[in-house]
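Asker: Got a structure here, written out as structure tokens. Questions coming.
The values are calculated or read from the model by the stated rules, or taken from the named source; none is laboratory data. Computed from a predicted structure; not experimentally measured. Because the Cβ atoms are built from the backbone with ideal geometry, glycine has one as well, and the counts that use them run over all protein chains shown.
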Amino acid sequence: MNFKEIEKKWQDIWEEGKYFVAQNGGNKEKYYILVEFPYPSGAGLHVGHVRSYTAQDAMARMKRMQGFNVLYPMGWDAFGAPAEQYAIKNHIHPKEAVKENIKTFKGQMKSLGFSFDWTREFSTTDPEYYKWTQWQFLQFYKHGMAYKDTIPVNWCPNCKTVLSNEDAAGGVCERCGTKVVQKEKSQWMLRMSDYSEDLLQGLNDTNFAEKVKLGQINWIGKSTGAHVDFKIKGTDKTFTVFTTRCDTLYGATYCVLAPEHEYVDEITTEEHREEVLEYKKNCLLKNEMERTELNKEKTGVFTGAYAINPVNNEEIPIYISDYVLASYGTGSIMAVPAHDERDYEFAKKFNLPIKQVIAKNFVGTGSSALRSDKQDTYRDVVVAVIKHPTEEKYLCVKNNKFGWINFVMGGIEKEETVVDAAIREIKEETGYSDIVIDHEMEFVYFDNFYAAHKDVNRHITAHTVVGKLKSLEQVAISSEEASINSLMWIDKDKLIDELSTPAHKYDAERTLNGEGAMVEDGVHVNSQELDGLNKQDAIDKMIAWLTEHKCGEAKVNYKMRDWIFSRQRFWGEPIPMIYCEKCGWQPMKEEDLPLLLPDVAEYEPTENGESPLANITDWVNTTCPCCGGAARRETDTMPNWAGSSWYFLRFMDAHNDKEFASMDAMKYWQRVDWYNGGMEHTARHLLYARFWVQFLYNYGLVPNKEMIWTRVSHGMVLGSNNEKMSKSKGNVVNPDDIVREYGADTLRVYEMFMGDYQQDAPWSTDSLRGCKRFIDKVIRLKDKVNNESGYSKDLENLIHKTIKKVTNDLGTMGYNTAVSALMILANALDEKETITRDDYHILLVLLNPIAPHVTEELNEQLGYSRICESEWPKYDEEKTIDNEKEIGVQVNGKLRASIKISVSDSEEVIKEKALQQDNVIKFTEGKEIVKVIVIPGRIVNIVVK
RNA sequence: GCCUAAGUGGCGGAAUAGGUAGACGCACAGGACUUAAAAUCCUGCGAGCUUAAUCACUCGUGCCGGUUCAAGUCCGGCCUUAGGCACCA
């Protein structure tokens, strides 16, 4: 069979017959399947595109046969940097290059037989389309959702261009390697942060995969906390900090403002001015990458000013540091070094006080649980973590009566320091006398337990000291002490396991892994009215207090920021705004849209980083829509994300020249039922698109607040070396080559069979050949077809099972197992001398969504009507049930035999059969049968003793 | 560091809801057909042990423990890899 000929033949038939053209309306139930439209790059279609387009194509073909009105559209997301770069180099308009690339892509897609509705095709670069992107921008503007703001951008001083974060990856310009710096620029912004909560809540009205939802939730980054106002000493000024832990306010020992904070200049004292200015200057030189680099040592300077802590009127110093970000919260923080790692690090470096306000609170369990009938005793205790003089071992004592293993510990006497108490206890309990105490740990903790050896409840405040022995010099210990404890040295790797009490394990952990800030939960201390409370109660109480005293309130913050909507590029949608000296920024009149990109031959950016459009004076100079005076156009263009934020709406009514899409059309299609795309787009693209839709919904322009129901993401097709395909690695597979050599159907089957659709999978040409063999087998099977109709009796069961399996799998992305099921059916047909027409026909129909060309051809040769006009086969549940089945027989959970059972067999019969098996008898003989578990149709397990 | 996903033969991967691990395919080996090759067909294919060959047995789904009659699947604790986020107070 000449697959080139038949592929062309059927592609033409489908197109001429308009089989895949969707109508807006009719009696059929609608179903909207969408794949992310591609950026038509010069490289042509990637085998990765083929994977997801085939998957959704299979689903679309099945759904159509099941009687749905399926919309499966395709278009082009063609604005973007590569076309612009190409234009700069070759001095041709990017739209020419885009036209070429689209032609290539479309040809490739057609050669693969995808059932797209090409009548709805468009490109985001078509003026008929971007007219509406511009129109929607004007709606954003008119509703106060678009505004201008000055924000820092990545700037390459060498190329003199603004770089996207992607192009500035690693802090250097992608093209020339120059260090990227920050430059202030006035940009259009969309108030996306206003929609944070709606975007979060809206996820409940979607059926996105859980990991997709999580990606969105993380990106939105909601955190609940409080605002706290701090007065600045000696002024009438106040600044506000955002904190999620207002309960630790008593532990705030300093404040930090972002270097960009508006108060910095005002509050800095003369004495510190020079230093502060210097620090601010250095920050500007750094780019975002350097500033946020992990493990970077904290830097900062003191402003000379003091803030007043509202809860206790303590004066605490105000620093500036770049670890506080101007763009999050209020751009200023209260620092609680005892309980925040960053603050701790900063405090250590600048020698600032660290004040504990939360203490870990251990409560005994089991035999050491507090007893209500026992006396409560309270004491301060020292715990000594003492290292061996030469080895990596720690000194512990084992209680001879109870077997407890602990560090040396004991009560602190009146008038005694913690260190003195430690040295005394060590001497008394172990006799070691050559001790150096290195330090006392910063944080005390509580331990509460019933002390069996004293028969009282103990409530301990533990002070931990860390030290070592200089030598093993020992003095004699009292016989009484010797009878209570025996000393032991425990290796550091076993220490945590061997110690008996959680509190001592905790001491060991902090000793071995570093002390740092105390970030765990506990009870409040040193916090007056909060003392003894847990975290949540303390937060609630503090918020109430702050609110009452008008120096703070509950506050929710989101990481998600407003959308920077300007790009200093040529190849994007022009922003339809005009600047007039008299009237300020004015929107273009809607009837003047679209604002077309000019036809010129130079696309170089300007010296000062303006969009290339700024050089095109004819285009820039215009008149003010308001006063008619001379004015200038905005020269920035929209980001790539703009056009793709609403394209799925346009597909519902692709050629409407009155509206972006009619409400009738949108109400008919309602929403995208199934949206497939790459994992890399699940955070940003999806969030932008949802934001766009929610905005339109709020102004009555779309029928639903969420217009996408299910979102799934596909895995990548990797090179055969298991790495991402790239030219430089030489592992790129061109789908054209595969189609030419093996045919479109083979490529489609292979890409569906290669592995779990949602997982990455490496390319394997060997495996592809296996799929070719499968197709060849299907073709050969035609020779076995006899004149009988109806299914062969002995195949009936398998056929019904296969229909069920394929139907389910194509609806749940189990493409690889669907292909596998079809291979099993084909093998079964192959085993027979002859097969009926219907045996063969069902195989063709079930395989058709994945391999449409060859199956239509064989089907036609057999004299059936076209598959694309047929109904999807149904299965009879009754007939999918096996009459006979082989199940395993286990003895004590180990497989010993298998038996054939029939559906009609009762449990008793099955039990009987199982027990009669030779090998079962071997393992049950002479043993008591405790019970026999029969799981119908699955397994028998005989439990013996 | 945090979040997410995933670790199963030589390889890609199967395994409803805990119930015969390795479906299906690839690769490999042996054989048939052929003058020969390709194509096709047949047989074998986790490891070990045993056997003349079978049968049987033991181990086996990243590691350690647990729950259960029964664990790739559930629970606890780790390790590794990939992707995303990253000083978010």
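Asker: Just to be sure I understand, how many residues within region A:243-279 are within 16 Å of RNA strand B (Cβ to nearest atom) and either touching an Asp or Glu at 6+ places or on another chain (Cβ under 7 Å) or not aromatic (F, W, Y) (or both)?
Answerer: Total meeting the criteria: 19.
Asker: Within region A:422-433, can one find any residue that is in contact (Cβ under 8 Å) with a residue 12 or more places away in the chain, in a strand (DSSP E or B), surrounded by 15 or more Cβ atoms within 10 Å (Cβ to Cβ) and under 45 Å from the mean Cα position of the chain (by Cα)?
Answerer: No, every residue in region A:422-433 fails to be in contact (Cβ under 8 Å) with a residue 12 or more places away in the chain, in a strand (DSSP E or B), surrounded by 15 or more Cβ atoms within 10 Å (Cβ to Cβ) and under 45 Å from the mean Cα position of the chain (by Cα).
Asker: Here's something else I'd like to know. Right, A:N731: part of a loop (DSSP other than H, G, I, E, B), modelled with pLDDT under 90 and under 24 Å from the mean Cα position of the chain (by Cα) or not?
Answerer: It is false that A:N731 is part of a loop (DSSP other than H, G, I, E, B), modelled with pLDDT under 90 and under 24 Å from the mean Cα position of the chain (by Cα).
Asker: Return the total of residues in region A:776-794 being under 46 Å from the mean Cα position of the chain (by Cα) and either within 10 Å of RNA strand B (Cβ to nearest atom) or closer than 26 Å to A:N883 by Cβ (or both). Please lay out each step first, then the result.
Answerer: The initial filter retains those residues of region A:776-794 that are under 46 Å from the mean Cα position of the chain (by Cα), namely A:776-779.
From what is left, the residues that are either within 10 Å of RNA strand B (Cβ to nearest atom) or closer than 26 Å to A:N883 by Cβ (or both) are A:776-777.
Final tally of qualifying residues: 2.
Asker: What pairs can you find where one residue is in region A:557-586 and within 30 Å of A:T244 (Cα to Cα), the other is surrounded by fewer than 24 Cβ atoms within 10 Å (Cβ to Cβ) and among the β-branched types (V, I, T), and their Cβ atoms are less than 6 Å apart, with a gap of 6+ or different chains?
Answerer: If the second residue must be surrounded by fewer than 24 Cβ atoms within 10 Å (Cβ to Cβ) and among the β-branched types (V, I, T), the pairs left are A:Y558/A:I220; A:M560/A:I220.
Asker: Between residues in region A:757-781 that are under 28 Å from A:T834 (Cβ atoms) and residues that are near RNA strand B (Cβ under 7 Å from one of its atoms), which pairs lie under 7 Å by C-beta distance while being six or more apart or on different chains?
Answerer: Within 7 Å, the pairs are A:C771/A:F753; A:F774/A:M823; A:K777/A:D830; A:L781/A:D830.
Asker: Separate question: State whether one or more residues within region A:343-358 are hydroxyl-bearing (S, T, Y), within 15 Å of RNA strand B (Cβ to nearest atom) and crowded, with 16+ Cβ neighbours inside 10 Å.
Answerer: There is at least one residue in region A:343-358 that is hydroxyl-bearing (S, T, Y), within 15 Å of RNA strand B (Cβ to nearest atom) and crowded, with 16+ Cβ neighbours inside 10 Å.
Asker: Could you please give the count of residues in region A:451-499 that are of a type in the set (F, W, Y) and within 14 Å of A:E425 (Cβ to Cβ)? Give the steps one after another, and end with the answer.
Answerer: Going through region A:451-499, the residues of a type in the set (F, W, Y) turn out to be A:489.
Subsequent filtering for residues that are within 14 Å of A:E425 (Cβ to Cβ) retains none.
Of the residues in region A:451-499, 0 are of a type in the set (F, W, Y) and within 14 Å of A:E425 (Cβ to Cβ).
Asker: Any chance region A:24-32 includes a residue that's in a loop (DSSP other than H, G, I, E, B), small (G, A, S) and under 27 Å from A:S662 (Cβ atoms)?
Answerer: Yes, region A:24-32 has at least one match.
Asker: Name the residues in region A:616-671 that are among the basic types (K, R), touching a strand residue (DSSP E or B) at 6+ places or on another chain (Cβ under 8 Å) and assigned to a loop (DSSP other than H, G, I, E, B), would you?
Answerer: Passing the criteria: only A:R671.
Asker: Against the definition (surrounded by 20 or more Cβ atoms within 10 Å (Cβ to Cβ), part of a strand (DSSP E or B) and not hydrophobic (A, V, I, L, M, F, W, C)), how does A:Y53 come out, yes or no? Talk me through it step by step, then tell me what you get.
Answerer: Values: surrounded by 20 or more Cβ atoms within 10 Å (Cβ to Cβ): yes; part of a strand (DSSP E or B): no; not hydrophobic (A, V, I, L, M, F, W, C): yes.
No: the conditions fail for A:Y53.
Asker: Restricting to region A:806-865, give me the number of residues that are more than 10 Å from RNA strand B (Cβ to nearest atom) and not aliphatic (A, V, I, L, M).
Answerer: The qualifying residues number 24.
Asker: Sticking with this one: Which residues, counting only those in region A:763-795, are over 21 Å from A:A851 (Cα atoms) and out of contact with any helix residue (DSSP H, G or I) (no Cβ under 6 Å at 6 or more places or on another chain)?
Answerer: A:N786, A:N787, A:E788, A:K793, A:D794
Asker: Let me ask something else. Considering region A:213-226 alone, what residues qualify as being near RNA strand B (Cβ under 9 Å from one of its atoms), farther than 28 Å from A:D531 by Cβ and of a type in the set (V, I, T)?
Answerer: Across region A:213-226, the qualifying residue is only A:I217.
Asker: Hey, can you tell me all the residues within region A:862-875 that are surrounded by 13 or more Cβ atoms within 10 Å (Cβ to Cβ) and either in contact with a Lys or Arg (Cβ under 7 Å, 6 or more places away or on another chain) or under 23 Å from A:H800 (Cβ atoms) (or both)?
Answerer: Hits for region A:862-875 are A:L862, A:Y864, A:I867, A:S870, A:W872, A:P873, A:Y875.
Asker: I need the full set of residues from region A:915-935 which are exposed (fewer than 14 other Cβ atoms within 10 Å of the Cβ), more than 9 Å from RNA strand B (Cβ to nearest atom) and either among the aliphatic types (A, V, I, L, M) or under 28 Å from A:D882 (Cβ atoms) (or both), in order please.
Answerer: Correct list: A:Q916, A:I921, A:I929.
Asker: Based on this model, can you work out whether A:E788 counts as within 23 Å of A:E877 (Cβ to Cβ) and either touching a Cys at 6+ places or on another chain (Cβ under 8 Å) or surrounded by fewer than 17 Cβ atoms within 10 Å (Cβ to Cβ) (or both)?
Answerer: For A:E788, the condition - within 23 Å of A:E877 (Cβ to Cβ) and either touching a Cys at 6+ places or on another chain (Cβ under 8 Å) or surrounded by fewer than 17 Cβ atoms within 10 Å (Cβ to Cβ) (or both) - is not met.
Asker: Got at least one residue in region A:459-467 being touching a Lys or Arg at 6+ places or on another chain (Cβ under 7 Å) and either over 22 Å from A:V357 (Cα atoms) or of a type outside the set (A, V, I, L, M) (or both)?
Answerer: no
Asker: Further, regarding this structure: Which count do you get for residues in region A:693-709 that are outside any loop (DSSP other than H, G, I, E, B) and either more than 20 Å from the chain's Cα centre (by Cα) or surrounded by fewer than 17 Cβ atoms within 10 Å (Cβ to Cβ) (or both)?
Answerer: Looking only at that region, the number is 6.
Asker: Can you tell me which of (1) touching a strand residue (DSSP E or B) at 6+ places or on another chain (Cβ under 8 Å); (2) touching a residue at least 24 places away in the same chain (Cβ under 8 Å); (3) of a type in the set (A, V, I, L, M) is the one A:V854 doesn't meet?
Answerer: (1)
Asker: Restricting to region A:227-242, name every residue that is modelled with pLDDT of 95 or more and either of a type in the set (G, A, S) or within 10 Å of RNA strand B (Cβ to nearest atom) (or both).
Answerer: A:V228, A:V241, A:F242
Asker: In the list A:M666, A:M638, which residue meets the criterion of being away from RNA strand B (no atom under 16 Å from the Cβ), crowded, with 21+ Cβ neighbours inside 10 Å and more than 23 Å from A:I575 (Cβ to Cβ)?
Answerer: A:M666
Asker: Does A:L200 satisfy the condition of being more than 14 Å from RNA strand B (Cβ to nearest atom), crowded, with 19+ Cβ neighbours inside 10 Å and aliphatic (A, V, I, L, M)? Please lay out each step first, then the result.
Answerer: Details: more than 14 Å from RNA strand B (Cβ to nearest atom): yes; crowded, with 19+ Cβ neighbours inside 10 Å: no; aliphatic (A, V, I, L, M): yes.
Spelling it out, it is not the case that A:L200 is more than 14 Å from RNA strand B (Cβ to nearest atom), crowded, with 19+ Cβ neighbours inside 10 Å and aliphatic (A, V, I, L, M).
Asker: Right, here's the next one. Is there a residue being farther than 27 Å from A:I881 by Cα, within 13 Å of RNA strand B (Cβ to nearest atom) and at pLDDT 95 or above anywhere in region A:752-765?
Answerer: The answer is yes, given that some residue of region A:752-765 is farther than 27 Å from A:I881 by Cα, within 13 Å of RNA strand B (Cβ to nearest atom) and at pLDDT 95 or above.
Asker: So, one more: Go through A:R938, A:R896 for me and flag whichever is among the charged types (D, E, K, R), within 9 Å of RNA strand B (Cβ to nearest atom) and buried (at least 17 other Cβ atoms within 10 Å of the Cβ).
Answerer: Answer to the selection: A:R896.
Asker: Based on this model, can you work out whether A:V324 counts as buried (at least 18 other Cβ atoms within 10 Å of the Cβ), under 30 Å from A:N448 (Cα atoms) and in contact with a Ser or Thr (Cβ under 7 Å, 6 or more places away or on another chain)?
Answerer: no
Asker: On to the next question. List, please: which pairs have Cβ atoms under 8 Å, are six or more places apart or on different chains, and start with a residue in region A:216-230 that is in contact (Cβ under 8 Å) with a residue 40 or more places away in the chain and end with one that is acidic (D, E) and more than 8 Å from RNA strand B (Cβ to nearest atom)?
Answerer: Hits for this filter: A:K222/A:E197; A:A226/A:E553; A:H227/A:E553.
Asker: Quick check on A:I386: is it within 30 Å of A:A452 (Cα to Cα), buried (at least 20 other Cβ atoms within 10 Å of the Cβ) and within 16 Å of RNA strand B (Cβ to nearest atom)?
Answerer: no
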